[in-house]
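Q: Pasting in a structure now, in structure tokens, and then I'll have a few things to ask.
The values are calculated or read from the model by the stated rules, or taken from the named source; none is laboratory data. Computed from a predicted model, the values in this text were never measured in an experiment. Cβ: placed from backbone, ideal geometry, glycine included. Neighbour counts: every protein chain shown.
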Amino acid sequence: MSSLELRDIRKSYGPVEVMHGVDLSIDQGEFIVFVGPSGCGKSTLLRMIAGLESITEGDLQIGGRRVNEMPPSQRGIAMVFQSYALYPHMTVRDNMAFGMKIANRPKEEIERRVNSAADILQLGPYLDRLPKALSGGQRQRVAIGRAICRDPKVFLFDEPLSNLDAALRVATRIEIAKLKESMPETTMIYVTHDQVEAMTLADRIVVLSAGYIEQVGAPIELYEKPANLFVAKFIGSPAMNIVSAKVTSTGARTGVQLAQGAKVNVPIASDASLKGSDVHLGFRPEDVSLCEAKSALVSGEVTLVEALGEVTNLYVDAPGSNEPLVVKIPGTGSHKRGDTVHMTAKAAIMHLFNSEGRSLLYV
């Protein structure tokens with residue numbers, strides 16, 4: 001079994017606590033992705049699972065066995081780091097086989113595992129090359145292959161694609177997705193900053209902030225139903241637009257009025273005690289459409305135009321928002337800086353957050 005159980009996991013450096021009671025259950029065969037801003041604790045949590053960082057408090061179980069004090073070599077895990085960490089004087093074959101040779105595995109077993117990993121990662125033609133004769137993507141696949149050869153219960157990936165250029169990131173991400181399909185019983189935990197990696201690879205995403213778990217869920221669940229403002233603004237690129245509003249009516253639908261006077265009834269239930277209070281109204285850039293002034297939800301001045309070919313992002317300064325609102329429109333468009341635009345969105349796909357930043361869906 002390769003299930004993991006994290007129970008009230010805490011990490012302190014002297015008097016400073018950096019992980020604050022993390023609870024998480026990971027089933028065998030799941031692909032879990034940790035995301036969050038720099039310094040949120042993603043890599044620290046991964047390193048505690050690996051045994052490279054001690055656990056100050058709490059219990060870590062792998063396959064039902066407590067492993068807090070167990071050395072990394074006995075935990076049944078394999079870790080792929082941001083750096084390839086290949087031996088430059090060894091061939092690809094020897095790099096992949098090195099760990100098994102140290103463990104005194106039979107020669108036949110070593111050869112079988114190396115060839116199997118090479119087939120999975122399409123490294124067969126490169127087995128006799130030195131790392132300097134490989135591209136960055138090929139080197140990262142060798143590092144992954146070395147981990148596969150250990151036949152681990154759990155794979156840990158610590159931002160393995162961050163050193164690659166855009167094209168290689170896409171190619172190697174596809175290889176990791178194929179790897180997961182070929183090893184359905186193996187649990188994988190993956191740390192990344194990249195939204196696309198998280199959304200396309202994960203069975204579930206764990207969103208971390210300042211040593212706390214903000215939300216755990218399937219990628220689309222986090223995109224469509226963020227639990228709070230932090231998750232709403234972190235998942236999705238560009239980030240969700242947030243504007244201030246005041247509650248005018250409650251019940252099965254919540255009526256709100258925006259700073260510019262526009263009113264909208266959002267199909268989210270609210271308690272009568274919320275009437276008259278300040279809330280945050282959220283809508284994603286891809287859900288915004290341009291309209292006439294009379295039907296606008298928000299109007300503002302364009303401060304930046306990002307023409308990306310497939311889409312154009314308009315950054316708009318508008319009352320009621322501390323940050324520019326973003327409108328994502330198809331194609332190239334003809335808008336320029338200084339234009340006034342009028343925006344609207346369907347109420348059915350809007351989000352409401354209370355003054356504390358909690359989604360009204362979860363209050």
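Q: Quick one: is Arg284 within 24 Å of the chain's Cα centre (by Cα), modelled with pLDDT of 90 or more, charged (D, E, K, R) and surrounded by 16 or more Cβ atoms within 10 Å (Cβ to Cβ)?
A: Details: within 24 Å of the chain's Cα centre (by Cα): yes; modelled with pLDDT of 90 or more: yes; charged (D, E, K, R): yes; surrounded by 16 or more Cβ atoms within 10 Å (Cβ to Cβ): yes.
For Arg284, the condition - within 24 Å of the chain's Cα centre (by Cα), modelled with pLDDT of 90 or more, charged (D, E, K, R) and surrounded by 16 or more Cβ atoms within 10 Å (Cβ to Cβ) - is met.
Q: OK, next. Is at least one residue of the range 241-258 in contact (Cβ under 8 Å) with a residue 60 or more places away in the chain and either assigned by TED's automatic domain parsing to the domain that holds Gly41 or not in a strand (DSSP E or B) (or both)?
A: Within the range 241-258, not a single residue is in contact (Cβ under 8 Å) with a residue 60 or more places away in the chain and either assigned by TED's automatic domain parsing to the domain that holds Gly41 or not in a strand (DSSP E or B) (or both).
Q: Among the candidates Asp158, Asp128, Asp194, Asp94, which residue alone is surrounded by fewer than 19 Cβ atoms within 10 Å (Cβ to Cβ), within 31 Å of the chain's Cα centre (by Cα) and in the same structural domain as Gly64 (by TED's automatic domain parsing)?
A: Asp194
Q: Does any residue of the range 298-315 turn out to be out of contact with any His (no Cβ under 8 Å at 6 or more places or on another chain), within 25 Å of Ser277 (Cα to Cα), assigned by TED's automatic domain parsing to the domain that holds Asp271 and exposed (fewer than 15 other Cβ atoms within 10 Å of the Cβ)?
A: Within the range 298-315, not a single residue is out of contact with any His (no Cβ under 8 Å at 6 or more places or on another chain), within 25 Å of Ser277 (Cα to Cα), assigned by TED's automatic domain parsing to the domain that holds Asp271 and exposed (fewer than 15 other Cβ atoms within 10 Å of the Cβ).
Q: Next question, about the same structure. Given Met70, Met96, which one is at pLDDT 90 or above, of a type in the set (A, V, I, L, M, F, W, C) and not in a helix (DSSP H, G or I)?
A: On inspection, the qualifying residue turns out to be Met70.
Q: Specify the residue that is farthest from Lys246 (Cα to Cα); the eligible residues are those in the range 346-363 that are hydrophobic (A, V, I, L, M, F, W, C) and in contact with a Ser or Thr (Cβ under 7 Å, 6 or more places away or on another chain).
A: Checking each candidate, the answer is Leu360.
Q: Show the residue pairs meeting these rules: Cβ distance below 9 Å; 6+ apart or different chains; first residue within the range 172-191 and assigned to a loop (DSSP other than H, G, I, E, B); second residue among the aromatic types (Phe, Trp, Tyr).
A: Met183/Phe155; Thr186/Phe155
Q: If you check Thr200 against the conditions, is it in a helix (DSSP H, G or I), in contact (Cβ under 8 Å) with a residue 12 or more places away in the chain and surrounded by 19 or more Cβ atoms within 10 Å (Cβ to Cβ)? Spell out how you get there, then give the answer.
A: Details: in a helix (DSSP H, G or I): yes; in contact (Cβ under 8 Å) with a residue 12 or more places away in the chain: yes; surrounded by 19 or more Cβ atoms within 10 Å (Cβ to Cβ): no.
The answer is no for Thr200.
Q: With out of contact with any Lys or Arg (no Cβ under 9 Å at 6 or more places or on another chain) and among the polar types (S, T, N, Q) as the only criterion, which of Gln28, Gln61, Gln82 stands out?
A: When all the criteria are applied, what remains is Gln82.
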